[in-house]
1. Looking only at the range 44-59, which residues are under 13 Å from TYR94 (Cβ atoms) and in a loop (DSSP other than H, G, I, E, B)?
2. Just the residues that are touching a residue at least 60 places away in the same chain (Cβ under 8 Å) and of a type in the set (Gly, Ala, Ser), please, taken from the range 33-89.
3. Scan (1) hydroxyl-bearing (Ser, Thr, Tyr); (2) outside any loop (DSSP other than H, G, I, E, B); (3) open to solvent by 70 Å² or more (accessible area, probe 1.4 Å) for the single condition SER35 breaks and write down its number.
4. Sort out which residues of the range 106-124 are closer than 20 Å to PHE29 by Cα and touching a residue at least 24 places away in the same chain (Cβ under 8 Å), and write them in order of number.
5. Considering only residues of the range 64-76 that are more than 14 Å from the chain's Cα centre (by Cα) and either of a type outside the set (D, E, K, R) or farther than 23 Å from PHE29 by Cβ (or both), which is surrounded by the most Cβ atoms within 10 Å (Cβ to Cβ)?
6. State whether one or more residues within the range 47-55 are open to solvent by less than 40 Å² (accessible area, probe 1.4 Å), closer than 18 Å to GLY117 by Cβ and out of contact with any Leu (no Cβ under 9 Å at 6 or more places or on another chain).
7. Since VAL93 meets every condition but one in (1) of a type in the set (A, V, I, L, M); (2) open to solvent by less than 20 Å² (accessible area, probe 1.4 Å); (3) touching a residue at least 40 places away in the same chain (Cβ under 8 Å); (4) not in a loop (DSSP other than H, G, I, E, B), which condition does it not meet?
8. Tell me yes or no: at least one residue of the range 103-113 is at pLDDT 95 or above, in a strand (DSSP E or B) and open to solvent by less than 70 Å² (accessible area, probe 1.4 Å).
Amino acid sequence: QVQLVESGGGLVQAGGSLRLSCAASGRTFSDYRMSWFRQAPGKEREFVASISKGGSGTYYANSVKGRFTISRDNAKNTVILQMNGLKPEDAAVYYCAATDRTVLSTLDSWYHYWGKGTQVTVSS
């Protein structure tokens, strides 16, 4: 089992920044590809960003490319989502997810473990 706990959400004005963290425990963190998803009210959960097990490969949804950065620290069992230039449409609950599969997928069914989420609110 892998336990994931997100933090760092909050209220920010449009154009502002937030830094989300996801702390993992339970298994060897570097054995897992880590991703962020988000879900806005009334919408399906959508892929945001992913990082490979070693951290050398990253991938972003087009909607956040150039504004968000995903990174990981395998020594600290943590994955970070740095969000800059936030827009009202970025408001959602953000979830951290882990899979032991190496290949990237943007489908939430690909991921075995999920955190409970952290709320991001962006005021216009």
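The values are calculated or read from the model by the stated rules, or taken from the named source; none is laboratory data. All values derive from a computational prediction rather than experimental measurement. We place every Cβ from the backbone using ideal geometry, glycine too, and count neighbours over all the protein chains shown. Remember, those area values only see protein heavy atoms, side chains included, never the ligands or the DNA or RNA. Shrake-Rupley method; radii C 1.70, N 1.55, O 1.52, S 1.80 Å.
1. Of all residues in the range 44-59, those under 13 Å from TYR94 (Cβ atoms) come to 45-49.
Within the range 44-59, ARG45 is the sole residue that qualifies.
2. Across the range 33-89, the qualifying residues are SER35, GLY85.
3. Result: SER35 passes all but (3).
4. Kept after step one, since they are closer than 20 Å to PHE29 by Cα, are these residues of the range 106-124: 106, 108-117.
Within the range 106-124, THR106, ASP108, TYR111, HIS112, TYR113, TRP114, GLY115, LYS116, GLY117 qualify.
5. If we take residues in the range 64-76 being more than 14 Å from the chain's Cα centre (by Cα) and either of a type outside the set (D, E, K, R) or farther than 23 Å from PHE29 by Cβ (or both), then ASN74 is surrounded by the most Cβ atoms within 10 Å (Cβ to Cβ).
6. Here is the first cut: in the range 47-55, the residues open to solvent by less than 40 Å² (accessible area, probe 1.4 Å) are 47-52, 55.
Now drop any that are not closer than 18 Å to GLY117 by Cβ, which leaves 47-50.
Remaining after also requiring out of contact with any Leu (no Cβ under 9 Å at 6 or more places or on another chain): none.
No: the range 47-55 contains no residue that is open to solvent by less than 40 Å² (accessible area, probe 1.4 Å), closer than 18 Å to GLY117 by Cβ and out of contact with any Leu (no Cβ under 9 Å at 6 or more places or on another chain).
7. (2)
8. Within the range 103-113, one or more residues are at pLDDT 95 or above, in a strand (DSSP E or B) and open to solvent by less than 70 Å² (accessible area, probe 1.4 Å).
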